[in-house]
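Novice: This is the structure I have questions about; it appears just below.
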Amino acid sequence: MNPRLLEAVAGAKSVAVITGAGMSRESGIPTFRGEDGLWNNYRAEDLATPEAFHKDPLLVWQWYDWRRQIVCNAKPHAGHFAIADMETCFTEFLLITQNVDGLHIQAGSRKLIEIHGSIRRARCTRCEWRGELPDVGLESLPLHCKKCDALARPDVLWFGESYDEGLLSRAAEFLHASDLVWIVGSSGMVSVPVFLADIAARSGATLVDVNPEEAAFSHLCDITVRGTAGKDLPRIWNTVRPSTGV
Ligand code: NAD
């Protein structure tokens, strides 16, 4: 085992984990940019935008309905459980996930920020209504608000939209004070994870990158694991945890 990782885990007081779409790939949920990320020949970047929703809300809802059913049939894997276990080992812990699939919560993670929202919820485009969606396909699309009947939308952050400032500053503050940060399955093509990783790197944290491929922030990372979230992350964690006695 990498001695630097053992030392970083043993000495860590405040631990953060950032996860991207690659985290859930081995649960059967496609990443957007992977070759299995296409739907009816549409690219995600063409559908996950306010412009696409404005132009064709039915098409966008059909795509989310399809994705939500994949997500609802999926199960968290050993990597999701390893992250939930990490949370119990450190007093200060925060998981920041770009994923909208809810699998971290299903695996038991509680100290988390879903920075891109959740595909399992909808919200109104006019009033403050928000609601959970069923696991099965919706019968009548596009969905309308249960309160005021205006058009509802998936409760996710689309490309080109602004982040929730409260959530972002909570994440940034935490990363500023973290001493160990794991980044798992995130390409860094979305700029916020890179921004957060950069804050942690500048503050002197040890950064660990778990990804089968090089990512936009790999150069910031101190330890690189060219492996997967489902196999290599739990293998490493299950070795490191007993060796360090955390
Ligand atoms: P991304 O930027 O998070 O990139 C995916 C990364 O995962 C790539 O770097 C890839 O090399 C890596 N990867 C692939 N298989 C992996 C594995 N088994 N283990 C570890 N890493 C692996 O994601 P994206 O697909 O470009 O999506 C952009 C945004 O869309 C995300 O930030 C997210 O908000 C949303 N999205 C969410 C989900 C989900 O909730 N599961 C799925 C697709 C997209």
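Novice: Hey, could you check region 144-159 for residues that are touching a Gly at 6+ places or on another chain (Cβ under 8 Å) and open to solvent by 20 Å² or more (accessible area, probe 1.4 Å) and say which is nearest to TRP63 (Cα to Cα)?
Specialist: Across region 144-159, the extreme among qualifying residues is LEU157.
Novice: For the condition surrounded by fewer than 15 Cβ atoms within 10 Å (Cβ to Cβ) and either within 30 Å of VAL210 (Cα to Cα) or polar (S, T, N, Q) (or both), what is the one hit in SER162, SER118, SER109?
Specialist: So the residue among SER162, SER118, SER109 that is surrounded by fewer than 15 Cβ atoms within 10 Å (Cβ to Cβ) and either within 30 Å of VAL210 (Cα to Cα) or polar (S, T, N, Q) (or both) is SER162.
Novice: Shifting gears a bit: I'm checking my understanding of the structure. Among residues of region 40-66 that are farther than 17 Å from PHE159 by Cα and open to solvent by 30 Å² or more (accessible area, probe 1.4 Å), which one is modelled with the lowest pLDDT?
Specialist: Here the answer is ASN40.
Novice: Against the condition at pLDDT 95 or above, open to solvent by 10 Å² or more (accessible area, probe 1.4 Å) and either touching a strand residue (DSSP E or B) at 6+ places or on another chain (Cβ under 7 Å) or hydroxyl-bearing (Ser, Thr, Tyr) (or both), how does LEU168 come out, does it pass?
Specialist: When the stated conditions are applied, LEU168 does not pass them.
Novice: Only one of these conditions is not met by VAL194: (1) within 11 Å of the ligand (Cβ to nearest atom); (2) in a loop (DSSP other than H, G, I, E, B). Which number is it?
Specialist: Going through (1) within 11 Å of the ligand (Cβ to nearest atom); (2) in a loop (DSSP other than H, G, I, E, B) one by one, VAL194 breaks only (2).
Novice: Among the residues that make up region 121-141, is at least one of them under 16 Å from the mean Cα position of the chain (by Cα) and either surrounded by fewer than 19 Cβ atoms within 10 Å (Cβ to Cβ) or closer than 27 Å to GLY185 by Cα (or both)?
Specialist: yes
Novice: Give the number of residues within region 180-214 that are of a type outside the set (D, E, K, R) and out of contact with any helix residue (DSSP H, G or I) (no Cβ under 9 Å at 6 or more places or on another chain).
Specialist: Of the residues in that region, 5 qualify.
Novice: Restricting attention to region 208-224, which residues are crowded, with 21+ Cβ neighbours inside 10 Å and either of a type in the set (Gly, Ala, Ser) or under 24 Å from PRO76 (Cβ atoms) (or both)?
Specialist: Those that are crowded, with 21+ Cβ neighbours inside 10 Å and either of a type in the set (Gly, Ala, Ser) or under 24 Å from PRO76 (Cβ atoms) (or both): VAL208, ASP209, VAL210, ASN211, ALA215.
Novice: Please identify the pairs in which a residue from region 207-230 that is among the basic types (Lys, Arg) has its Cβ atom under 7 Å from the Cβ atom of a residue that is part of a loop (DSSP other than H, G, I, E, B) and surrounded by fewer than 16 Cβ atoms within 10 Å (Cβ to Cβ), counting only partners at least 6 apart or on another chain.
Specialist: ARG226/PRO212
Novice: Working only within region 197-246, note down all residues that are over 18 Å from GLU26 (Cα atoms), assigned to a loop (DSSP other than H, G, I, E, B), touching an Asp or Glu at 6+ places or on another chain (Cβ under 8 Å) and among the polar types (S, T, N, Q).
Specialist: none
Novice: Please go through region 181-206 and pick out each residue that is surrounded by fewer than 24 Cβ atoms within 10 Å (Cβ to Cβ), touching a residue at least 40 places away in the same chain (Cβ under 8 Å) and farther than 16 Å from ARG33 by Cβ.
Specialist: Once the filter is applied, which keeps residues that are surrounded by fewer than 24 Cβ atoms within 10 Å (Cβ to Cβ), touching a residue at least 40 places away in the same chain (Cβ under 8 Å) and farther than 16 Å from ARG33 by Cβ, region 181-206 yields VAL192, THR206.
Novice: Check region 10-33 and report whether any residue there is at pLDDT below 95, of a type in the set (Val, Ile, Thr), closer than 19 Å to ALA205 by Cα and more than 16 Å from the ligand (Cβ to nearest atom).
Specialist: no
Novice: OK, next. Could we say that SER162 is at negative phi, in a loop (DSSP other than H, G, I, E, B) and of a type in the set (Ser, Thr, Tyr) here?
Specialist: yes
The values are calculated or read from the model by the stated rules, or taken from the named source; none is laboratory data. These numbers come from a predicted model, not from an experiment. In this analysis, Cβ positions are derived from the backbone assuming ideal geometry, glycine residues included, and neighbour counts consider all displayed protein chains. Accessible surface areas use protein heavy atoms only, side chains included; no ligands, DNA or RNA. Shrake-Rupley method; radii C 1.70, N 1.55, O 1.52, S 1.80 Å.
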